[in-house]
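Notes follow the structure.
Please treat every number below as a calculation from the coordinates, not as lab data. Just so it is clear, the structure is predicted and the values come from calculations on it, not from any experiment. Backbone-built Cβ (ideal geometry, glycine too); neighbour counts: all protein chains shown.
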Amino acid sequence: MLDQKKAPLFEALQKLKYDNVVPFDVPGHKRGKGSPELTNFLGEKCMEIDVNSMKPLDNLCHPVSVIKDSHELAAEAFGAAHAFFMTNGTTSSVQSMILASVKPDDEIILPRNVHQSVINALVICGAIPVYINPQTDKRLGIALGMSVKDVIDTIKAHPKAKAILINNPTYYGICSNLREITKIAHANGIKVLVDEAHGTHFYFGKDLPPSAMSVGADMAAVSMHKSGGSLTQSSILLCGENVNANYVRQIINLTQTTSNSYLLMGSLDVSRRNLALNGVEIFEKVKAFSNYAREEINEIGGYYAYAKELINGDSIFDFDTTKLSVNTLDIGLAGIEVYDILRDEYNIQIEFGDLGNILAYVSVGDKNKNIERLISALYEIKRIYKKSKTGMLDSEYISPQVFCSPKEAFYAEKKSVPIAETIGEVCSEFVMCYPPGIPILAPGELITKELIEYITYAKDKGCVITGPECMDISRLNVIRRD
Amino acid sequence: MDLWFSEFHSKTVKLSIKVETQLYNESSNYQDIAVLKTKEFGNILTLDGVIMLTERDEFIYHEMITHIPMAVNQNIKKVLVIGAGDGGVARELSKYKTIESIDIVEIDEQVVKVCKEFLPQTAIGFEDERVNLIFKDGLKFVRKKDNEYDLIIVDSTDPSGPGEVLFTKEFYGNCYKALKDDGIMINQHESPFYKEDAKAMNFAHKRIVQSFKMSRVYQAHIPTYPSGHWLFGFSSKKYHPIRDLKAKEWNDLKIKTNYYNTNLHVGSFYLPTYVEEMLKDNE
């Protein structure tokens, strides 16, 4: 047992301030003195610890002292065999676990509602995705988890698959049967990789869905900066005991900067300590906020703030009650429209709105009065903006038709075509709404009329569409097949 | 002993009052509450170090926030008061026999307790049997009400404390919904003078006019509030504060006041030019 009250890297940074070392190394702002305007903006405290790796601070690329100790504390706190601090977001954690687990032409099983970072990793490494279409909820218009039967069938059809990737939970808070899927995958020699970008709290809270490491998964990408309280862009990659952590480190070093930010790493160390010591209390508070808001929002009528009643034993095996996802279709407004009204009219910024839902991110940093404001604003939006439901797109998950691998499609000879004329072509780029950043089209997928209608509708409702080379999404790149 | 209480009215201006003794000083779940005994102003209630009322000048605030709407609509029966944990608004309202119920929604029960003990001059208002005291977040209370009240009085603290939610668009919109078709909302509208207060005033006004078509601002002079120049908002779905003033009817009620009278009622809506201009920019 290690002492979770310790925070070796954080303490080393505090000592550095105290020691007053004369800096003749980078960064050139030299503890902020060379950039007075920036120092005035961020504060001296912040600039003083924006330093480069040095003897007392260890080196993330090859950790041997304080970073190594901090990694070990993090591993213990998360119940993992090994933990890595990551400085390029959970995108880098997700990509590292994929690159560490599959090689070119290996098959990897994925639900199609993965974050773009997953498919990006496949463009880089050339592994072949085998998609499991997630079950969908027609009323809510969202993709759910994977059904165990679909996983078994897919493994039978692809016995050589090397890995399976699972969202735990989805952005909306929905969990698959992680324990069972892990068991089945391991019985077939398949590695289990878990995207826990939205599940940091599963490791520390009470009565929450199981975490990846607790069910024996091989690797997990954890967004500490979401529910964990660390700085934006900081993340943790966890490895189970059957993973060669030294190989994972080599994979991370393929793309990771050698000038890692001590602000980010220090924030991971101190946040881990806070979660290990106070996690139960913190997430009880978050759950109470979300549960309260859900009850109040459901009382308004017209909104549906969903939770555990959705559980169906399979594709919705569990629900993360810290999430506050609200369906808005019954008031005749798309989620993205409610998102815009909240922002523009009520000065309330929520996490995202899609075509049928909004997600308000609730955390330990919230205050009662702000929760009351959100609920009251939703009352007002219903009173002032409610419309007839007719004309609302009723389901938003469209099963993709995969023509070739993302890598093949991304690097193929391509041509740019006006979007209306792309039906029947194979897309060579991503198209997605951001957030949530789940691809509508990924490289290598067939473009259908339904997809074009969906993209046009989403654009019309005010979704921010990202991915294509053409910034206004009037054209798409398709594979040249002539 | 030379003991002084000071409150910053702006970053570089402060008001100081000589204190005889400190009668109470504790933190509730929401704010720091203190009561000071002074020679000039009698007992003073402060929340988070800001003067809420003094025994000497509270009549100005409480009369102006209450009698203005009551002189416009004589049929007010159901009243909602948000904030007002000192009881001053209730005291003024209780002078009207025609009122049937007074719901007072105060977030901080501790304020009421303290006022009952140290500020009986205002807390006497709570003794009226038409008063229902409800300890709840005002925003939460009002959003569940629909077409129910004739008058809503928003007696809030400054927007920097727990009163922040009472300066939001969603709050004013929910008040609009809670009012009947001829309902009136009166709100404490901050001061136009110092920059920070003026900012709060402008914000509030901008958000009120988004919900109420008719919204007028009136003024009073309250010595212990920053700059002494204080504003109130009169918003209604139906009534105009001057055209619909029932001066004769109100005077016939023979209600005893020390600040308010029906001439002042009309005069209080005539504002300094710089204030008019500020308000116009937000309409």
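Odds and ends about this structure:
- Chain B: most fluctuating residue of B:66, B:224, B:21 per GNM, C-alpha cutoff 10 Å: B:21
- Loop-resident GluC sites (Glu not before Pro) (DSSP state other than H, G, I, E or B) in the range A:407-482 with no more than 15 further Cβ atoms inside 10 Å of their Cβ: A:413, A:469.
- Unpartnered cysteines - no second Cys beta carbon under 4.7 Å - across the protein assembly as shown: A:46, A:61, A:125, A:175, A:239, A:404, A:427, A:470, B:115, B:175
- Per residue, the average separation of C-alpha pairs within less than 8 Å and at least 6 apart gives chain B a relative contact order of 16 percent.
- Overall form of the range A:278-364 per C-alpha gyration tensor (a/c, 1.5; a/b vs b/c): oblate
- Value of D in µm² per second that Stokes-Einstein yields for the protein assembly as shown, Kirkwood Rh from Cα pairs, at 25 °C (0.890 mPa s): 83 µm²/s
- Selection from A:43, B:186, A:427, by position along the positive dipole direction of the protein assembly as shown (Cβ): A:427
- For residue B:184, residues with placed amide H under 5 Å, excluding near neighbours: B:151, B:152
- Taking each DSSP H run with n ≥ 4 as -39500 (n - 2.57) and averaging over every residue of chain A yields -11500 deg cm²/dmol at 222 nm.
- The charge dipole of the range B:1-102, taken about the Cα centre with unit charges on the Cβ atoms of Lys, Arg (+1) and Asp, Glu (-1), comes to about 340 debye, rounded to the nearest 20.
- Amide H contacts for residue A:194 (H built 1.01 Å from N in the peptide plane; partners 5 or more residues away or on another chain; cut-off under 5 Å): A:166, A:219, A:220, A:221.
- Across B:145/B:256; B:95/B:144; A:308/A:367; B:97/B:180, pairs whose alpha-carbon gap is larger than 22 Å: B:145/B:256; B:95/B:144; A:308/A:367
- Long-range HN-HN contacts of residue B:43 with modeled amide H, under 5 Å: B:38, B:55
- Net charge dipole, chain B: roughly 860 debye, given to the nearest 20, about the Cα centre with Cβ charges of +1 for Lys and Arg and -1 for Asp and Glu.
- For the pair residue A:404 and residue A:308, a Förster radius of 60 Å applied to the C-beta separation gives a FRET efficiency near 0.90, rounded to the nearest 0.05.
- Tilt relative to chain B, helix B:195-211 - C-alpha long axis, 0 to 90 degrees, to 10: 30 degrees
- Restricting the range B:1-46 to trypsin sites (Lys or Arg not before Pro) in coil, as DSSP defines it, with at most 12 other Cβ within 10 Å: B:11, B:39
- Those residues of the range A:172-203 whose amide nitrogen sits under 13 Å from the label point placed on residue A:4, 7 Å along Cα→Cβ: A:201-203
- Cross-link check: pairs A:382/A:449; A:206/A:226; A:382/B:213; B:11/B:116 evaluated at a Cα-Cα cut-off of 26 Å; pairs beyond the cut-off: A:382/A:449; B:11/B:116.
- Each of A:320, B:244 was scored by other Cβ atoms within 10 Å of its Cβ. Listed from fewest to most, they are B:244, A:320.
- Here residue A:156 is the anchor, and the lysines within straight C-alpha reach of less than 17 Å, apart from those fewer than 8 places off in the same chain, are A:183, A:191.
- Phi-based couplings in Hz for the range A:234-242 (Karplus 6.51, -1.76, 1.60; Gly and Pro marked x): 8, 7, 10, 9, 10, 10, x, 6, 8
- Cross-link partners of residue A:55 among lysines, defined as those whose alpha carbon lies under 28 angstrom from its own and excluding same-chain residues fewer than eight positions apart: A:5, A:6, A:15, A:17, A:30, A:33, A:45, A:68.
- Estimated FRET transfer efficiency (residue A:103, residue A:299; beta-carbon r; R0 51 Å; 0.05): 0.45
- Per-residue HN-Hα couplings for the range B:122-134 [Karplus 6.51, -1.76, 1.60; θ = phi - 60°; Hz; x = Gly/Pro]: 9, 5, 4, x, 5, 7, 4, 6, 7, 7, 10, 8, 10
- Residues of the range B:75-112 with an amide N closer than 18 Å to a point placed 7 Å from the Cα of residue B:29 along the Cα-to-Cβ direction: B:83-85, B:105-112.
- Fewest-first sequence of A:175, A:46 by Cβ atoms within 10 Å of each Cβ: A:46, A:175
- Ascending count of other beta-carbon atoms within 10 Å, so fewest first, for B:189, B:229: B:229, B:189
- Sequence-distant lysines (8 or more away, or on other chains) whose Cα lies within less than 21 Å of residue A:407: A:103, A:160, A:162, A:415
- Contact order relative to length of the range B:76-170, as percent, for alpha carbon pairs under 8 angstrom and 6 or more apart: 37 percent
- Integer Hz, Karplus 6.51/-1.76/1.60 couplings in order for the range B:182-191, x for Gly and Pro: 10, x, 10, 10, 10, 10, 6, 10, 6, 10
- Once you reduce the range B:119-159 and the range B:245-283 to the center of their Cα atoms, the two points are 23 Å from each other.
- Loop-located trypsin sites (Lys or Arg not before Pro) in the range A:335-380 (DSSP state not H, G, I, E or B) with no more than 16 neighbouring Cβ atoms inside 10 Å: A:367.
- Share of pairwise Cα separations in chain B, more than 23 Å, in percent: 51 percent
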